[in-house]
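A.B. asks: Just dropping this structure here.
The values are calculated or read from the model by the stated rules, or taken from the named source; none is laboratory data. Here the structure is a predicted model, which means the values were calculated and not measured. Positions of Cβ are backbone-derived with ideal geometry, glycine not excepted, and every protein chain shown enters the neighbour counts.
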Amino acid sequence: MPLLNDMPLERTNQIFRHPIHQDGVGTLMRLITALRQCRSAKDYPDVRPALTQLRRNGLWIALAGNQTAKAGSLLRKLDLPVDAIATSAEWGVAKPDPAFFRRVIELSGVAPNELLYVGDHRDNDVVAGHAAGLWTALIRRGPWGHLWADDPTVLANADWVINSLNELPNLIART
């Protein structure tokens, strides 16, 4: 099978069923490269130890994101060391809507500048969280996290770009 960047745009458009303009091929190629760098959720051994350490440090921890109610239920069954789990479906509002971040702030019971929001999406997590007054970190995880890790908008809005959740306890201790 020929490489995507070697295919005529007409063939690429047939494969993806949506027109891709020449200037979009570079972005698509970066996304495909990022997808190849992704791991499945089971390959994230840092999640439980990092959350456990953050809780030991006395921090309030919540998972809140654009997910279905079923995903929220499944996350709760994992018995993760967190204080709260909330999904956009349960709240009826999704990122990057400012109302989502107002719900996060309300759930936490603290001022926005006392919260750190970690995510892999430039617009939904970093830019929107920053606009809500939260500290933000982009994690190089998943296709978006890899694609946007060095993006100027991320660098202008994220307080940190991290490779692992295990970096958080030390970063937070220094703030």
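Here is a yes/no grid of residues against (1) surrounded by 15 or more Cβ atoms within 10 Å (Cβ to Cβ); (2) of a type outside the set (A, V, I, L, M, F, W, C); (3) in contact with a Gly (Cβ under 9 Å, 6 or more places away or on another chain):
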| site | (1), (2), (3) |
| --- | --- |
| L78 | no, no, no |
| P81 | yes, yes, no |
| E106 | no, yes, no |
| G109 | no, yes, no |
| L147 | yes, no, no |
| V154 | yes, no, no |
| N157 | yes, yes, yes |
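A.B. asks: Could you tell me whether V118 is out of contact with any Cys (no Cβ under 8 Å at 6 or more places or on another chain), surrounded by 19 or more Cβ atoms within 10 Å (Cβ to Cβ) and not in a helix (DSSP H, G or I)?
C.D. replies: Yes; evaluated as a whole, the condition is true for this residue.
A.B. asks: Next question. Mind checking which residues of the range 127-145 are assigned to a loop (DSSP other than H, G, I, E, B) and buried (at least 22 other Cβ atoms within 10 Å of the Cβ)?
C.D. replies: Those that are assigned to a loop (DSSP other than H, G, I, E, B) and buried (at least 22 other Cβ atoms within 10 Å of the Cβ): L134, R141.
A.B. asks: Do we have D83 as touching a strand residue (DSSP E or B) at 6+ places or on another chain (Cβ under 7 Å) and at pLDDT 55 or above here?
C.D. replies: yes
A.B. asks: Going residue by residue through the range 92-100, is there one that turns out to be assigned to a helix (DSSP H, G or I) and surrounded by 20 or more Cβ atoms within 10 Å (Cβ to Cβ)? First the steps, then the outcome.
C.D. replies: To start, the set of residues in the range 92-100 that are assigned to a helix (DSSP H, G or I) comprises 98-100.
If we keep only those that are surrounded by 20 or more Cβ atoms within 10 Å (Cβ to Cβ) as well, we get 100.
Yes, there is a match, as at least one residue in the range 92-100 is assigned to a helix (DSSP H, G or I) and surrounded by 20 or more Cβ atoms within 10 Å (Cβ to Cβ).
A.B. asks: Please specify each residue of the range 151-175 satisfying the condition of being modelled with pLDDT under 95, of a type outside the set (S, T, N, Q) and either under 22 Å from R102 (Cβ atoms) or outside any helix (DSSP H, G or I) (or both).
C.D. replies: Hit for the range 151-175 is R174, nothing else.
A.B. asks: Which condition from (1) within 14 Å of the chain's Cα centre (by Cα); (2) closer than 19 Å to D83 by Cα is the one that D123 breaks?
C.D. replies: (2)
A.B. asks: Which ones in the range 73-95 are within 24 Å of D123 (Cα to Cα), out of contact with any His (no Cβ under 8 Å at 6 or more places or on another chain) and among the charged types (D, E, K, R)?
C.D. replies: E90
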